[in-house]
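Report on the following structure.
Coordinate-derived values only; no laboratory data. Keep in mind the model is a prediction, meaning the values are calculated, not measured. Note that we place each Cβ from the backbone using ideal geometry, even for glycine, and neighbour counts take in every protein chain shown.
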Amino acid sequence: MSAIPQERRVVTAIPGPKSQELQTRRIAAVAAGVGSTMPVFAARAGGGIVEDVDGNRLIDFGSGIAVTTVGSSAEAVVRRASAQLADFTHTCFMVTPYEGYVAVAEQLAELTPGDHAKKSALFNSGAEAVENAVKIARAHTKRQAVIVFDHGYHGRTNLTMALTSKNMPYKDGFGPFAPEVYRVPVAYGYRWPTGPENCGPEAAAQAIDQISKQVGADNVAAIIIEPLLGEGGFIEPAKGFLPALRQFATDHGIVFVADEIQSGFCRTGQWFACEDEGVVPDLITTAKGIAGGLPLSAVTGRAEIMDAAHSGGLGGTYGGNPVACAAALGAIETMKEQDLNGKAKRIEAVMKSRLTAMQEKFDIIGDVRGRGAMIAVELVKAGTKDPNPEATAALAKACHGEGLLVLTCGTYGNVLRFLPPLVIGEELLNEGLGIIEEALAHV
């Protein structure tokens, strides 16, 4: 359990005087393009609490954007990473390898869907993992085209900006982007013209038709999709959509890539979100929750596909850093020992029950969705489905002022998303939901 008392405490204005002082220094020294959701400076964190430099304790519904799934200072993560720090911080796996990297790859082979032979390559960030998945798919298929989806998010490098669908703030002014990227519809049930019950098969048929006519299936190296879309608004593709695309990929020799960077590692109540409909991807990209807060990412997949790239074609100086690998083994140990999939399902039960009751009470809540501890509400203008980004921003600001850290997302900026650490106590979870309900009443 965390050494930080697991209770909300607001002792100053948010942000407080010390945070304001640090913000002045930040503005002078840090590039303006690096934003912040909440201008409070963290001093320590653990369990479901982030404590700032002014002594305020905030309830954490963000987990550093789905990263600190096991908490910000999980015992096994700290223990294993500390021991590795004392031994060595770096050798570069491509120069003199070490066991930790191999052990992480073995764990990924065990945990990811499918019983086929698997191999992994480790990197630093989610965007790097996605970019390398594209390289591997192209090497394997000897094709170039990559298919992505409306509302998808895959990163901020040049190639992954091309894959990402949202212009502001991710792409605006940063082009030209990488070529041979094609975007098709996704099964967004809440906004599907003929209703959510028709969405899965209709969206799949549309997407497959567009790929076939506009690109040609035989030109496609990879189909890349988040099994539960993150930045695009926590959109759960309607049932049947993912299996249909998986089958289309199989039929045409296309590498099917599940981007599980935000949805992986127990976040949705399963090790990986694609397991919900039994979808087995050829490649799976992971990051965020993999290493308890240390920078690490991976591409894991069918051994014959992973081996398609020539020796030296994959890697990077810091990829699979030994301290990050030790932290990942600690995070996985924590997930297994504390049954964090079970915890995620319990968080879903508590959150959906209360948020659905709020939806009945407040007509600006258009949709409540998500799985596990990856839950969202989409806010609309009352009586319509018109996006309401103004109310979303006001609601987030009100929560922040009361000491609840929440994040927004969505292509239209109208989704409030909840990503609490899976180790959060139920009292804190309910207190946070109470703050949201009160804020809704005022908004």
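So what J values fall out for the range 264-271 if you push phi through Karplus, 6.51 cos²θ - 1.76 cosθ + 1.60 with θ = phi - 60°, rounded to Hz, Gly and Pro as x?
Once rounded to whole Hz, the list reads x, 6, 6, 4, 9, x, 9, 4.
Enumerate the amide H contacts of Asp367 below 5 Å, restricted to partners 5 or more residues apart or on another chain; note that Pro and chain-start residues carry no placed amide H.
Under 5 Å from the amide H of Asp367: Glu378.
Amide H neighbours of Gly48 under 5 Å, counting only residues 5+ apart in sequence or on other chains, H built in-plane at 1.01 Å?
Gly425
Can you list the HN-Hα couplings for the range 103-108, worked out from phi with the Karplus curve (6.51, -1.76, 1.60; θ = phi - 60°), rounded to whole Hz and with x for Gly and Pro?
My calculation for the range 103-108 gives 5, 5, 4, 5, 5, 5 Hz in order.
Taking other Cβ within 10 Å of each residue's Cβ, how do Val10, Val134 sort, fewest first?
Val10, Val134
Can you sort Val53, Val423, Val406 from fewest to most other Cβ atoms within 10 Å of each residue's own Cβ?
Numbers: Val53 17, Val423 22, Val406 26.
With the fewest neighbours first, Val53, Val423, Val406 line up as Val53, Val423, Val406.
Which FRET efficiency, nearest 0.05, do Thr157 and His310 yield, Cβ-Cβ r, R0 30 Å? Mind showing how you got there, number by number?
Details: r = 22 Å, r/R0 = 0.72.
After rounding, the FRET efficiency stands at 0.90.
Looking at the range 76-337, what % of its DSSP beta bridges pair antiparallel, to the nearest 5? Write out the running numbers ahead of the final one.
Values: 11 of 25 bridges.
Expressed as a percentage, antiparallel bridges in the range 76-337 total about 45.
Please give the FRET efficiency for Ala31 paired with Val350, using the beta carbon to beta carbon distance and R0 = 30 Å, rounded to the nearest 0.05.
Numbers: r = 39 Å, r/R0 = 1.31.
Approximately 0.15, to the nearest 0.05.
Per residue of the chain, what 222 nm ellipticity follows from adding -39500 (n - 2.57) for every DSSP H run with n ≥ 4, rounded to the nearest 500?
Numbers: 13 runs with 163 residues, N = 443.
When only DSSP H runs of four or more count, the value is -11500 deg cm²/dmol.
Quick check on the exposure proxy: order Val257, Val215 from fewest to most C-beta atoms within 10 angstrom.
Numbers: Val257 31, Val215 16.
In order of increasing Cβ crowding within 10 Å: Val215, Val257.
Amide H neighbours of Gly319 under 5 Å, counting only residues 5+ apart in sequence or on other chains, H built in-plane at 1.01 Å?
none
Over the chain, what number does the Rg to Rh ratio reach, with both radii from the alpha-carbon atoms and Rh per Kirkwood? Spell out each step's value before the answer.
On the way: Rg = 21.4 Å, Rh = 22.3 Å.
Taking Rh as the inverse mean 1/r over Cα pairs, Rg/Rh reads 0.96.
Hey, with R₀ at 25 Å, roughly what FRET efficiency would Gln23 and Phe174 work out to, going by the Cβ-Cβ distance, to 0.05?
Once the sixth-power term is evaluated, E becomes 0.45.
Taking springs between alpha-carbon atoms closer than 10 angstrom, which of Lys397, Lys352, Lys18 fluctuates most in the Gaussian network model of the chain?
Between Lys397, Lys352, Lys18, it is Lys18 that shows the largest mean-square fluctuation.
Which whole-Hz ³J(HN,Hα) couplings does the range 178-188 yield from phi under the Karplus relation 6.51 cos²θ - 1.76 cosθ + 1.60, θ = phi - 60°, glycine and proline marked x?
In residue order, the calculated couplings are 4, x, 6, 10, 10, 10, 10, x, 10, 7, 9 Hz.
Please give the charge dipole size of the chain, origin at the Cα centre, charges +1 on K and R Cβ atoms and -1 on D and E Cβ atoms. Round to the nearest 20 debye.
On the way: 39 positive and 49 negative charges, 134 e Å.
In total the dipole reaches around 640 debye.
With the cut-off at 32 Å, tell me which of the pairs Lys288/Lys397; Lys345/Lys385; Lys171/Lys336; Lys18/Lys171; Lys135/Lys166; Lys118/Lys385 have Cα atoms farther apart than that.
Values: Lys288/Lys397 25 Å; Lys345/Lys385 29 Å; Lys171/Lys336 38 Å; Lys18/Lys171 34 Å; Lys135/Lys166 23 Å; Lys118/Lys385 44 Å.
Too far apart for the 32 Å limit: Lys171/Lys336; Lys18/Lys171; Lys118/Lys385.
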